[in-house]
Amino acid sequence: MSTVYACPLSYSLISLTGKDKLSYLHGQITQDINKLSNDNFLWAGHCNAKGKLWGVFRLFSHLDSYYLAGSKPEVEQSLVELKKYAVFSQVEIQQSEKQLIGLLGDDLTAALETLAITFDDEHSAVDFADGKALKLANNRVLLMVNDEFSLPDNVIALEDDAPWQQVAIAAGEPSLNSDAIGEYVPQMVNLQAFGGISFRKGCYTGQETVARMKYLGKNKRAMYIVSGKAEGLLDELELETQMGENWRRAGKLISQSYNQQTQTLMGLVVLPNDNEAGQILRAKHLPQVELSIQALPYSLEDE
């Protein structure tokens, strides 16, 4: 039987309630919220007026609310921005205190059966007794749970979410740290690869820039996975690439996670989109740390 782990996730949550929540949020994010149902979750970006991301989120519904799950810096910034114009609509926006737990393992079947959570091939979200479950991949399920929730006996509890973050990075799932807020348009973090950008919906904040990137071919950058040996997380996020005998600035890590057992650092970095798997980068302020570009598990070709 496959071992299943559970970890407290470092993500935060924004909740939206009220009769105008659909129309209001629809005008703020890159996703077509009309595609959201109780049985799915969607990726979505929240941009500033220049089309630069405040955050990248997993969007889902539960009972009478919408929820946006993202990194703490993303939630902190987007919460402020979303509230700015909410006074003109009947919508309440706040940071939710609900707990987020990640289930991780090669075979989650037994653990999900114990929790009475059942996914089918067509649905990626399901309500269960203690909250909501999102199927991010076959080996990962995100749970939003209430105070009465308890882990099944056949699940091993972890102290932090480093293993979850490593797998999320290996899947190329975009997530922004505080340095990356307001720096990148959605296509630069591969949001289109997750169906997180609708080019058919109506207006939303930053839409002109996002559309221009697609239709005029303006985007020359993409997000890459990097991995290598290190002694811990990097305090300085800037990476360099070799140009002849010299090293020049490549980009900054927008997300990172460290595996203490294997002493492996994994991260996400936005680079010119002509980089290839196997290319070596190094940490500018810790040059002995070399990180190689890994192959993305999805295509960046336009739809």
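Annotations
- Phi-based couplings in Hz for region 101-118 (Karplus 6.51, -1.76, 1.60; Gly and Pro marked x): 10, x, 9, 9, x, 5, 9, 8, 3, 5, 5, 5, 5, 4, 8, 6, 10, 10
- Region 4-170: translational diffusion in µm²/s, Stokes-Einstein, Kirkwood Rh over Cα pairs, 20 °C, 1.002 mPa s: 130
- The GluC sites (Glu not before Pro) of region 89-194 that meet both conditions, a loop assignment by DSSP and at most 11 other Cβ atoms within 10 Å of the site Cβ, are GLU97, GLU122, GLU148, GLU159.
- Cut-off 20 Å (backbone N to label point 7 Å along Cα→Cβ of ALA170), residues of region 238-264: 254-264
- In this simple spin-label model, placing a label point 7 Å from the Cα along the Cα-to-Cβ direction at both PHE199 and ASN34 gives a separation of 1.9 nm.
- Per DSSP, loop chymotrypsin sites (Phe, Trp or Tyr not before Pro) in region 102-203 with at most 14 further Cβ within 10 Å: PHE199
- Between the listed residues THR114, LEU16, ALA125, the Cα displaced farthest toward the positive end of the dipole of region 4-170, a dipole computed from Cβ unit charges relative to the Cα centre, is found at LEU16.
- MRE, 222 nm, helices only [DSSP H, n ≥ 4, -39500 (n - 2.57), over the chain, to nearest 500]: -4000 deg cm²/dmol
- Computed on region 4-170, with alpha-carbon pairs under 8 angstrom and 6+ residues apart, the relative contact order is 30 percent.
- Global form of the chain, assessed from the alpha-carbon gyration tensor, a/c cut-off 1.5: oblate
- Applying 1/(1 + (r/R0)^6) with r as the Cβ-Cβ distance of ALA116 and LYS19 and R0 = 35 angstrom yields a FRET efficiency of 0.65.
- Length released on extending from GLN263 to LYS220, taking residue separation times 0.36 nm less the Cα-Cα span: 12.2 nm
- Full-extension gain in nm, GLN242 to SER89, via 0.36 nm per residue minus C-alpha separation: 49.9 nm
Any read-out appearing in this document is the output of simple, stated calculations on the displayed coordinates, not a laboratory observation. Only a predicted model underlies this, so the values are computations on that prediction, with no experimental measurement involved. As a convention, Cβ positions derive from the backbone with ideal geometry for all residues, glycine included, and neighbour counts pool all protein chains shown.
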